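*Asks:* Dropping a structure here in structure tokens format, bear with me for questions.
Derivation of every value follows stated rules applied to the coordinates shown; laboratory data play no part. Quick caveat, the model's predicted, so the values are computed rather than measured. Here Cβ is always computed from backbone atoms with ideal geometry, including for glycine, and neighbour counts include all displayed protein chains.
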Amino acid sequence: MSKRMNNTIAWTGAVALLALHLDFWRDRGTALLMGWLPQELAWRAGWMLLSTLYLVWFCRSVWVEED
Amino acid sequence: MDPLTSFFIALVAYVVLVLGVGLMATRRAGSSSEEYFLAGRGLGTLVLFMALFGTNCTAFVLVGIPGQAYHDGLGVFSINAPIIALGIPLTFWAIGSPARRLARELGAMTPAELYSRRFGSRAVGVVMFAFFTIYTLPYMVTAIRGAAVTLTVVTEGQIPEWIGGAAVLVIALVYTSLGGMRATAWTNVLQGAIFLGFMVAAFFVFANGVGGDDGIAGAMRAVRDHDPELLGVQETGLYTPAAWTSWSLAISLTVVAFPHMLVRLMAADSDRTLKNICRLYPVALIALWAPAVMVGVFGAVAFPGLEGKESDRIFSMMVTEYLPPALSALGFLAVLAAVMSTLDAQILTLGSMLSRDILRPSEDPKGDVRRGRAFGVVIAVAVFVLWRVGGQSIFSLASVSFSGYVTLTPVLFLGLRWRRFNAAGALTSILGANAVYFLALESAGGLGGAMSPAWFGFLPVMWGFLAGCAGAVLGTYLSGDRGEAGAAASGT
């Protein structure tokens, strides 16, 4: 993929993740999913999994090593 | 064995270990200033990761976060952990990586020295040193107080506060002076393993304690039955949209602006190492933050009714209630390890900046090391004196400091990424950002208002950051100077 394309994906991904973190539009409930997992914790864990995958991709495709 | 004996045995073993590690690093540390201050710019993935993580995570995460979660519930996790798991690694790429390369090319060994050489301006280095010091000293004083109180409480008064605080300072100073950056990095591996391992183990023990035979599921249901709001996010204070947004900015950007963090990024052996650390960071943050928050949430069920700052005791109350003596000794040791893993880096970094940014680098490489060691002692004595005579005001400065570092980030970033950026822009940015930050603090209620909304509901840090960005651009263009003294080397 071209450098320009990677940069576009990087910025789009960062903005999307930020929008999901600033989630004031969401109903932040207090339910326990499956009877034990707080809904809020599940949402944040999902977000962190997404952001970790984003970081792994970012390190491989955007971050150019200059040693 | 009674709890006190267990604690003393664990404490002695820990002190012997960290001093032993310091001794192991001594032989190489004295050979040159680059070895002493930056471990020869040769730290690899595991050691550097633990050094950064240990330095980043203070005793506040172990003690203060459970205290906050006791009242606010899972919202404490939501507002902090996710955004730093993404934001901190991205700042390692945006600032850490080019800082490491440029520092190597310019021969700089401290953050202030790096930017002083980049801009060809001694004034920039001195101003950066001043703000780094102003924002770091209150932090160190607060950490020492936390360690001293922990020692006094655990030993039931057998170790008075002033002796406990002095002992922690002396131990950190000894191994830091012996082995420099390499000693602090190696001891951070041990210290980070202690507090990270303890928190993960404690989470499961506490869940079983609160949830009975049903373990985690039982504990979560007990929380829901006690107060379901603890399982969600509040809608007031720091959790309103404007405050949440500005706090996300602050907590993401501030860490890379800690001089004791930035200097460690400068000690990495390669970009590949920094990349590896970026991949590991989110996992480690979850492993530390989730248990820390849940200690407070479970604590609200186990010990209801604590009011205000009383909840800061919830960590020690849970440890004492649910853990056997040997494990509870490890819990209190984890607090000390978290304090010392940050304190050693701060002593080394401020000492090195005094040695190289205020005085000029010595012609004799070993002379630099001697000065660094001497200034380390000066910093440690200053922290002790501030703690004993500073009064309450010094502690309220700690929260101002945490956000205050963010006012330096426009210069840290643009200095490495914008070729035209010049010394006038850097000085305008730093001084303007801090002027606006303190004005916003005043409108938010004074020195205690760092976490309170200022203008339009945003925290003071947001206004300081925006002023820093504006000052950088205006100062650069209005001065007319092309500002490329060291920019060519930075590849900007």
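*Asks:* Over region B:3-392, one equal point on each Cα, no solvent: what is log10 I(q)/I(0) by the Debye formula at q = 0.08, 0.10 Å⁻¹?
*Replies:* -0.41, -0.64
*Asks:* Give the average over all directions of the projected area of the C-alpha convex hull of region B:274-328, one decimal, in nm². Intermediate values should be presented prior to the final figure.
*Replies:* Working: hull surface 20.9 nm².
Mean projected area for region B:274-328: 5.2 nm², to one decimal.
*Asks:* A further question follows. Let me have the relative contact order for chain B, percent, based on Cα pairs under 8 Å that are six or more residues apart. Write down the numbers at each step before the final one.
*Replies:* Numbers: 869 pairs, mean separation 141.9, N = 492.
About 29 percent, as a whole number.
*Asks:* With no solvent and one point on each alpha carbon, what is the Debye value of log10 I(q)/I(0) for region B:51-159 at q = 0.12, 0.23, 0.24 Å⁻¹?
*Replies:* So the normalised log intensities work out to -0.67, -1.26, -1.29.
*Asks:* So what are the radius of gyration and Dmax for the Cα set of region B:398-487, in Å?
*Replies:* In Å, with Rg to one decimal and Dmax whole: 13.8, 41.
*Asks:* Counting C-alpha atoms alone, how compact is region B:1-119: give Rg to one decimal and Dmax as a whole number, in angstrom.
*Replies:* Cα radius of gyration and Dmax of region B:1-119 are 19.5, 61 Å respectively.
*Asks:* Right, another one. With the Cα gyration tensor of region B:175-233 in hand, give its eigenvalues times 5 under a square root as the equivalent ellipsoid semi-axes, listed largest first in whole angstrom.
*Replies:* Details: eigenvalues 304, 34, 8 Å².
Calculated on Cα positions only, the semi-axes equal 39, 13, 6 Å.
*Asks:* Here is a further query. Where does each of B:F315, B:F384, B:F458 land when they are ranked from fewest to most other beta-carbon atoms within 10 angstrom?
*Replies:* Details: B:F315 28, B:F384 18, B:F458 22.
Taking fewest neighbouring Cβ atoms as first place, the list is B:F384, B:F458, B:F315.
*Asks:* Could you work out the mean projected area of the convex hull around the alpha carbons of region A:3-61, in square nanometres to one decimal? If you can, show how the numbers build up before the last one.
*Replies:* Values: hull surface 18.5 nm².
Orientation-averaged projected area of the Cα hull: 4.6 nm².
*Asks:* What per residue convex hull volume, in Å³, do the alpha-carbon atoms of the protein assembly as shown yield? Don't jump to the answer; show the numbers that get you there.
*Replies:* Details: hull volume 78.1 nm³, N = 559.
Here the figure is 140 Å³ per residue.
*Asks:* Going by Cα centres, region B:282-350 and region B:226-257 are how many Å apart?
*Replies:* Here the two parts' Cα centres lie 20 Å apart.
*Asks:* Sort B:W162, B:W387, B:W244 by Cβ crowding within 10 Å, fewest neighbours at the top.
*Replies:* On the way: B:W162 13, B:W387 24, B:W244 21.
If I rank by nearby Cβ atoms, fewest first, I get B:W162, B:W244, B:W387.
*Asks:* Oh, and also: Over the Cα atoms, compute the radius of gyration (one decimal) and Dmax (the largest Cα-Cα distance, rounded to a whole number) for region B:333-470, in Å.
*Replies:* 18.0, 54
*Asks:* Follow-up. Could you tell me the largest-minus-smallest coordinate of the C-alpha atoms of region B:380-450 on each of the three principal axes, in descending order and whole angstroms?
*Replies:* 46, 33, 16
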